[in-house]
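In what follows, a structure is listed as structure tokens, so that the remarks can point back to it.
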Amino acid sequence: MTTGFGERVRAALAQYGPLCVGIDPHAALLDAWGLPQSGQGVREFGLRTVAAAAGRAGVVKPQVSFFERFGSAGFAALEDVLSAARAAGLLVIADAKRGDIGTTMDAYAAAWLTPGSPLEADALTVSPYLGVGALDGTFALAARHGKGTFVLAATSNPDAADVQRSKDAEGRTVSAAIVAAVSQRNAADAPAGEWGGNGFVIGATVDWAEAGLEPFAPPAPILGPGFGAQGAGPADLRARYGSAARQVLASESRSILSAGPAGLAEAIDRAAEGYREVLGE
């Protein structure tokens with residue numbers, strides 16, 4: 001029987017702690033690392049990050065846009081990075097934020113979540129703003145293959161607040177309604193006692209009360225952007241997420257990657273230890 005994605009994240013958190021290493025080859029970082037602004041450059045950047053993260057963190061998150069900007073060469077580089085990361089035993093979240101309807105969304109899901117696909121990842125960030133129901137095919141495909149999703153619910157960028165804090169006819173914020181709808185799907189799919197495979201993106205700079213969020217069941221992974229360069233630190237795990245702190249993947253990219261290739265492994269170790277200490281591990 002295929003292990004569900006929620007349980008795979010749960011195991012990675014237990015072994016390595018909350019740190020999720022972002023693989024974001026910004027133009028400035030490529031320059032700082034002495035790498036070319038090309039598909040070759042982002043490939044080398046990604047592979048070096050994977051090598052440093054393996055055995056130090058449980059999860060990596062390549063930001064697709066930084067590879068996509070180099071066209072076919074960038075996608076070829078991303079394929080190599082995704083494959084290397086999964087071969088190294090890392091859980092891989094493709095941060096592509098896909099969202100559409102019908103067969104179009106199903107095709108996106110097939111590209112990122114089908115075993116053997118050139119772009120195969122363990123999970124995909126997805127947008128519910130064309131309707132949570134538009135993701136049903138993606139949820140089904142993910143569950144079938146032990147893959148997962150991270151649904152944008154309450155993101156760390158302040159520009160999102162006007163939409164995500166809006167209220168529906170039942171008085172719930174849009175963020176809360178999304179969490180409720182996806183949690184209902186998790187409850188139907190996940191065996192009793194297991195974590196759901198459809199997680200949520202809830203930023204580390206988000207005030208849960210202001211966003212209308214409450215603890216949800218069944219438990220599911222939370223991808224937490226906003227750590228590191230965006231200002232949140234390990235102490236915000238408990239301060240922001242409360243009883244859900246042990247479900248959080250704390251995503252850091254620039255704050256780690258700016259250490260450069262020579263200092264990357266040490267930066268990962270230091271960040272990972274900081275999160276484990278906060279959780280008493």
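The values are calculated or read from the model by the stated rules, or taken from the named source; none is laboratory data. For clarity, every value in this text was computed on a predicted model and none was experimentally measured. Cβ coordinates were reconstructed from backbone atoms using ideal geometry, including for glycine residues, and neighbour counts include every protein chain displayed.
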- Message: So the check is Cβ under 6 Å with 6+ separation or different chains; which pairs have a first residue in segment 119-136 that's under 11 Å from Asn198 (Cα atoms) and a second one that's small (Gly, Ala, Ser) and assigned to a loop (DSSP other than H, G, I, E, B)?
- Response: Val126/Gly99
- Of the residues Ala28, Ala57, Ala12, which single one is surrounded by fewer than 18 Cβ atoms within 10 Å (Cβ to Cβ) and either modelled with pLDDT of 95 or more or not polar (S, T, N, Q) (or both)? Ala28
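Looking for something closer than 30 Å to Arg144 by Cβ and buried (at least 16 other Cβ atoms within 10 Å of the Cβ) - is there at least one such residue anywhere in segment 227-239?
Within segment 227-239, not a single residue is closer than 30 Å to Arg144 by Cβ and buried (at least 16 other Cβ atoms within 10 Å of the Cβ).
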- Task: Give the residue that is farthest from Leu47 (Cα to Cα), with candidates limited to residues of segment 266-281 that are surrounded by 19 or more Cβ atoms within 10 Å (Cβ to Cβ) and in contact (Cβ under 8 Å) with a residue 60 or more places away in the chain.
- Result: Tyr275
- Mind checking whether some residue in segment 170-183 is within 23 Å of Ile101 (Cα to Cα), touching a residue at least 60 places away in the same chain (Cβ under 8 Å) and of a type in the set (Gly, Ala, Ser)? no
- Item | Among residues of segment 63-90, those that are touching a Lys or Arg at 6+ places or on another chain (Cβ under 6 Å) and either among the hydrophobic types (A, V, I, L, M, F, W, C) or surrounded by 21 or more Cβ atoms within 10 Å (Cβ to Cβ) (or both), counted | 1
- Item | Within segment 24-74, tally of residues that are of a type in the set (D, E, K, R) and closer than 20 Å to Arg270 by Cα | 4
- Task: Could you list, in sequence order, all residues of segment 22-37 that are charged (D, E, K, R) and either assigned to a loop (DSSP other than H, G, I, E, B) or touching a helix residue (DSSP H, G or I) at 6+ places or on another chain (Cβ under 6 Å) (or both)?
- Result: Asp24
- Query: Taking Ile93 and the conditions (1) among the β-branched types (Val, Ile, Thr); (2) more than 30 Å from Tyr275 (Cα to Cα); (3) crowded, with 23+ Cβ neighbours inside 10 Å, which numbered condition does it fall short on, given that it satisfies the others?
  - Reply: (2)
- Since Leu130 meets every condition but one in (1) touching a Ser or Thr at 6+ places or on another chain (Cβ under 9 Å); (2) in a loop (DSSP other than H, G, I, E, B), which condition does it not meet? (1)
